[in-house]
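Asks: Questions regarding the structure given below will be posed in turn.
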Amino acid sequence: MSYDLVVLGGGPAGYLACERAAHEGMKVVLIEKRNVGGVCLNEGCIPSKTFLYSAKIKDGAQHGDKYGVKCQGIEIDHPAVVARKNKVVKSLTGGIASMLKGLKVEWVRAAGVIKGKGPDGYEVEADGKIYAGRRLLIATGSEAAMPPIDGLHDQYEKGFALTNREILDIEAVPEKLVVIGGGVIGLEMASYFNSAGSEVTVIEMLDQIGGPIDTDIAKLLKKNYEDKGIAFKMGCKVTKIEDGAVVYEEAGKQQKAQCDKTLVCIGRKANTQGIGLENIGVLTERGAVVTDEHMKTNLPEVYAAGDVNGRSMLAHTAYREAEVAVNNMLGKKDKMKYNAIPGVIYTNPEVAGVGETEQSAKEKGLDVTVKKVPMQFAGRYVAENEGGNGFIKIIVDNKWNKLLGVHMITNYSSEIIWGADALVDKEMNIEAIKKIVFPHPTVSEIIREAIWQL
Ligand code: NAI
């Protein structure tokens, strides 16, 4: 069977590419062995957001007295949270499957392996059949990295060590949970399980949580977490996982954290094994498919988008990369820019940022002004956050008088950051930004306030 495009992998990059390409009239086949939606919809972004929303309601109700609301006996009913998560996942993945059907995209529910190049193009074998495409999009995503930590594989098999996949389905809230890695997944899950009643300890190798986020934001987020009862072991490397305990090094000494479950979230690795990349000679580097800014690989008409190219490993990056790939297939020149990709941690409070941080600007030797403004300058924030300590930090290029970065820790920041993203990406001048009318009262007004306080 021959197609204009064969898409391997149905996550955000794959399904969006199918949608865009089919919309443009291409004959498309999607090869995806599991549910459509990838990690994002099935065991990542969306299910974790359902968990975090339940935690947000519970935390809000717990502090209801501050807002004149009397609430009693508040607790998380974890099985109900999981059941709702399953409903949401089913509804969204079902929506994507129907959308693809409506666009006449053929979905082959089987594992695909690239076999070679034939007269009709690149050939992928799935379910015993060959699907040939003039173009091929590799969008096989990523999975939790399982580094050589002693005992990790055994404990994973035994169900004591979990990844993002299993933790979203556990039936009972563990009494004690050790989270290995204080990155995005670790923080979001620590946040939920703390609200759900677990005694949570996060063990992080570096001195900062949240990876490359703004240092002051990382400190405040950690403090807010500690106030809620989450414990942190910073600068501690996990070396071993054994029955009922996680072993780590703290200042040269071996320590043990006893727990009922441990969540391993120490990064992800691109899914490039077992898909036949070597059969056509697709170039990989450090386990990820190499692409240029047009999402092209080293081979003509072979593209890669999403986590599999290891560039940014975020669903929203995957969407844009998929569009860039399809546009280039159609001969419309389009290229990917990575300078203004927003990063969000959906905890309570939310953290969001785009562009240069104070630290990255300094490391690059950029001539910048950094302005930090407390959220107390936004009336809506004050109305909704009794005693809140959030803030925004903006990074401005002194030479060109434009925004290089915006970083914030406040409620709604995930919904606000796209606006900052546009200002950074479009290199808007500070004087022009001053003239933008923001709705009042909103938390987003803090961007305008910070600009005027420069
Ligand atoms: P991550 O790369 O964000 O964080 C991993 C953390 O583990 C790092 O801070 C690292 O220093 C630490 N670490 C590594 N080895 C360790 C060891 N032996 N002992 C202790 N600490 C160790 O990876 P994470 O959290 O697994 O997230 C994976 C991906 O999923 C990321 O690319 C992230 O962007 C994406 N994601 C995005 C979300 C969002 O946009 N809100 C939500 C969840 C995931």
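Taken together, the values in this text are just the output of simple stated rules run on the coordinates, not laboratory data. Treat the numbers as computed from the prediction; the structure is a model and nothing was measured. Ideal geometry is used to build each Cβ from the backbone, glycine not excepted, and the neighbour counts take in all protein chains shown.
Asks: So what's the net charge close to P300: Lys and Arg +1, Asp and Glu -1, counting the other residues with Cβ under 11 Å from its Cβ? Each step should come with its number before you reach the end.
Replies: Details: positive: K117, R134, R135, K296; negative: E301.
Cβ neighbours under 11 Å give a net charge of +3.
Asks: Also: K335 label point, 7 Å along Cα→Cβ, cut-off 13 Å on backbone N: hits in region 282-304?
Replies: 292-296
Asks: Aspartates and glutamates near K228 by alpha-carbon distance under 13 Å, same-chain residues fewer than 8 away left out - which ones?
Replies: Counting by Cα, and skipping residues close in sequence, K228 has these aspartates and glutamates nearby: D59, E199.
Asks: Please work out the ratio of the alpha-carbon Rg of region 320-454 to 2.2 N^0.38 Å and round it to two decimals.
Replies: 1.12
Asks: Hey, another quick one. What net charge do the residues around N35 carry, taking every other residue with its C-beta under 12 Å from that of N35, with Lys and Arg at +1 and Asp and Glu at -1?
Replies: Within the 12 Å Cβ shell, the charges total +2.
Asks: When DSSP beta bridges are limited to those with both residues in the chain, what percentage is antiparallel, rounded to the nearest 5?
Replies: Given both bridge residues lie in the chain, the antiparallel proportion sits at roughly 60 percent.
Asks: Using 21 Å as the Cα-Cα cut-off, could you pick out the over-long pairs in K27/K337; K269/K364; K87/K269; K402/K426?
Replies: In this structure, K27/K337; K269/K364; K87/K269 lie more than 21 Å apart at Cα.
Asks: Amide H neighbours of G405 under 5 Å, counting only residues 5+ apart in sequence or on other chains, H built in-plane at 1.01 Å?
Replies: E356, I395
Asks: Counting DSSP beta bridges with both partners in region 105-202, what percentage is antiparallel, nearest 5?
Replies: Roughly 75 percent of the DSSP beta bridges within region 105-202 come out antiparallel.
Asks: Let me ask something else. Just order 410-418, 168-176 by mean Cβ neighbour count inside 10 Å, highest at the front, would you?
Replies: By packing density, highest mean first, the sequence is 410-418, 168-176.
Asks: What ranking do M313, M99, M375 get, fewest neighbouring Cβ atoms within 10 angstrom at the top?
Replies: Numbers: M313 20, M99 15, M375 23.
Starting with the residue having the fewest Cβ neighbours, the order is M99, M313, M375.
Asks: While we're on this one: Averaging sequence separations of C-alpha pairs under 8 Å and six or more residues apart, then dividing by the length of region 119-162, give the relative contact order as a whole percent.
Replies: 22 percent
Asks: Using 7 Å Cα-to-Cβ label points, what is the S91/D120 separation (nm, one decimal)?
Replies: With each label placed 7 Å out from Cα toward Cβ, I get 3.9 nm.
Asks: Could you grab the relative contact order for region 69-142? Cα pairs under 8 Å, six or more apart, rounded to a whole percent.
Replies: Normalised by residue count, the contact order of region 69-142 is 15 percent.
Asks: For Cα pairs less than 8 Å apart in space and 6+ apart in sequence, what is the mean separation divided by the residue count of the chain, i.e. the relative contact order in percent?
Replies: For the chain, the relative contact order is 14 percent.
Asks: Compare the peptides 361-368, 121-128 by average per-residue count of other Cβ atoms within 10 angstrom and give them in order, highest first. Spell out each step's value before the answer.
Replies: On the way: 361-368: 13.0, 121-128: 19.0.
Per-residue mean Cβ counts within 10 Å order the peptides as 121-128, 361-368.
Asks: For region 255-300 and region 1-48, compute the distance between their C-alpha centroids and round to whole Å.
Replies: So the separation of the two Cα centres works out to 18 Å.
Asks: How far apart, in nanometres, would the label points at L299 and H440 be if each is projected 7 angstrom from Cα along the Cα-to-Cβ direction?
Replies: Between L299 and H440, the label points sit 5.9 nm apart.
Asks: For the chain, rounded, prolate or oblate, judged on the Cα gyration tensor with a ≥ b ≥ c (square roots of eigenvalues), a/c < 1.5 rounded, else prolate if a/b > b/c?
Replies: oblate
Asks: Determine, for M408, M205, the number of other Cβ atoms within 10 Å of each Cβ, and report the residues in order from fewest to most.
Replies: By the 10 Å Cβ count, ascending, the order reads M205, M408.
Asks: Can you list the DSSP H helices in the chain whose Cα atoms extend at least 18 Å along the helix axis and whose mean Kyte-Doolittle hydropathy is 0.0 or higher? Mind showing how you got there, number by number?
Replies: Values: long enough: 45-62 (25 Å, -0.14); 78-102 (36 Å, 0.17); 215-228 (20 Å, -1.26); 315-329 (21 Å, -0.41).
The qualifying helices are 78-102.
Asks: Cβ under 12 Å from V370's Cβ, V370 left aside: what net charge do those residues give with Lys, Arg +1 and Asp, Glu -1?
Replies: Combined, the nearby Lys, Arg, Asp and Glu give -2.
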